[in-house]
Amino acid sequence: MNSQPVTTVRLTAAAAHTITAELRTADHRTETGGILLGHHSADVVTIHHAGTPGPAAVRTPTYFLRDRAHAQTLADQAFAADGSVWIGEWHTHPAGHPAPSARDTTTYQKLLEDPELGFTSVVAVIFARGVGPWTGAAWAAQNGSVVPVALELLKIRPDETPNPQ
């Protein structure tokens, strides 16, 4: 993994489509989410694939745990397609702000501390919905803290192949 701190998260159109489809159809009383797969080059993370929760996901008003088998299948497919690797997760806060909760921060720290995973940073994209539309924000857990980072939407035509950076 790249050891340079993340300053920007770029979300491809394909990944954004998966997330927005889930946001449109999910039960908005409970959290939902999925894994993020892509590439970390210099200080930029590009997300090429976003997962859905999966059939065995745990979803409550204040907690989300992805379906691990479902996430692993997506990770295997993404790696075979373009070398994308697990770089983080996206999820919702139906009754809060698009910022990491204390539980989220603890989870990111555990991922960073797991030597088998080899993370130097964990990216999170969190969506919240007040009385209006969903609002999203990107965060990076790195160097002992969780910091906000820029979130950009890339417009890639469906016939283009993502180019790992």
Selected residue (only one of Glu31, Glu22 is touching a Gly at 6+ places or on another chain (Cβ under 8 Å), acidic (Asp, Glu) and closer than 25 Å to Ala95 by Cβ): Glu22
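Does Thr30 count as hydroxyl-bearing (Ser, Thr, Tyr), closer than 23 Å to Pro133 by Cβ and either surrounded by fewer than 19 Cβ atoms within 10 Å (Cβ to Cβ) or at pLDDT below 95 (or both)?
Values: hydroxyl-bearing (Ser, Thr, Tyr): yes; closer than 23 Å to Pro133 by Cβ: yes; either surrounded by fewer than 19 Cβ atoms within 10 Å (Cβ to Cβ) or at pLDDT below 95 (or both): yes.
Yes.
Looking at this structure, is Ile19 under 14 Å from the mean Cα position of the chain (by Cα), outside any strand (DSSP E or B) and at pLDDT 95 or above? Let's see the steps before the verdict.
Numbers: under 14 Å from the mean Cα position of the chain (by Cα): yes; outside any strand (DSSP E or B): yes; at pLDDT 95 or above: yes.
Spelling it out, Ile19 is indeed under 14 Å from the mean Cα position of the chain (by Cα), outside any strand (DSSP E or B) and at pLDDT 95 or above.
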Long-range neighbours under 8 Å by Cβ, at least six apart or interchain, first residue at pLDDT below 95 within the range 144-155, second open to solvent by less than 70 Å² (accessible area, probe 1.4 Å) and not in a strand (DSSP E or B): Leu153/Ala13; Leu153/Ala16; Leu154/Thr12; Leu154/Ala13; Lys155/Ala13
Which numbered condition Ser3 misses (of (1) loosely packed, with under 13 Cβ neighbours inside 10 Å; (2) touching a residue at least 40 places away in the same chain (Cβ under 8 Å); (3) closer than 20 Å to Trp134 by Cβ): (3)
Test set (1) loosely packed, with under 14 Cβ neighbours inside 10 Å; (2) modelled with pLDDT under 95 - Ala81 fails condition number: (2)
Selected residue (only one of Ala99, Ala137, Ala75, Ala50 is open to solvent by less than 70 Å² (accessible area, probe 1.4 Å), in contact with a strand residue (DSSP E or B) (Cβ under 9 Å, 6 or more places away or on another chain) and farther than 19 Å from Ala15 by Cα): Ala99
The one condition in (1) closer than 19 Å to Val146 by Cα; (2) open to solvent by 30 Å² or more (accessible area, probe 1.4 Å); (3) of a type in the set (Phe, Trp, Tyr) that Trp90 fails to fulfil: (2)
Candidate set from the range 53-72 (those that are of a type in the set (D, E, K, R) and under 15 Å from the mean Cα position of the chain (by Cα)); member that is most open to solvent (accessible area, probe 1.4 Å): Arg68
Single residue of the range 105-131 satisfying the filter (in a loop (DSSP other than H, G, I, E, B) and farther than 18 Å from Val147 by Cβ) that is least open to solvent (accessible area, probe 1.4 Å): Gly118
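The values are calculated or read from the model by the stated rules, or taken from the named source; none is laboratory data. What you see is a predicted model, and the numbers here were worked out from it, not measured in a lab. So basically every Cβ, Gly included, is an ideal-geometry build from the backbone, and we count neighbours across all protein chains shown. Heavy atoms of the whole protein, side chains included, go into the accessibility calculation; ligands, DNA and RNA do not. Shrake-Rupley method; radii C 1.70, N 1.55, O 1.52, S 1.80 Å.
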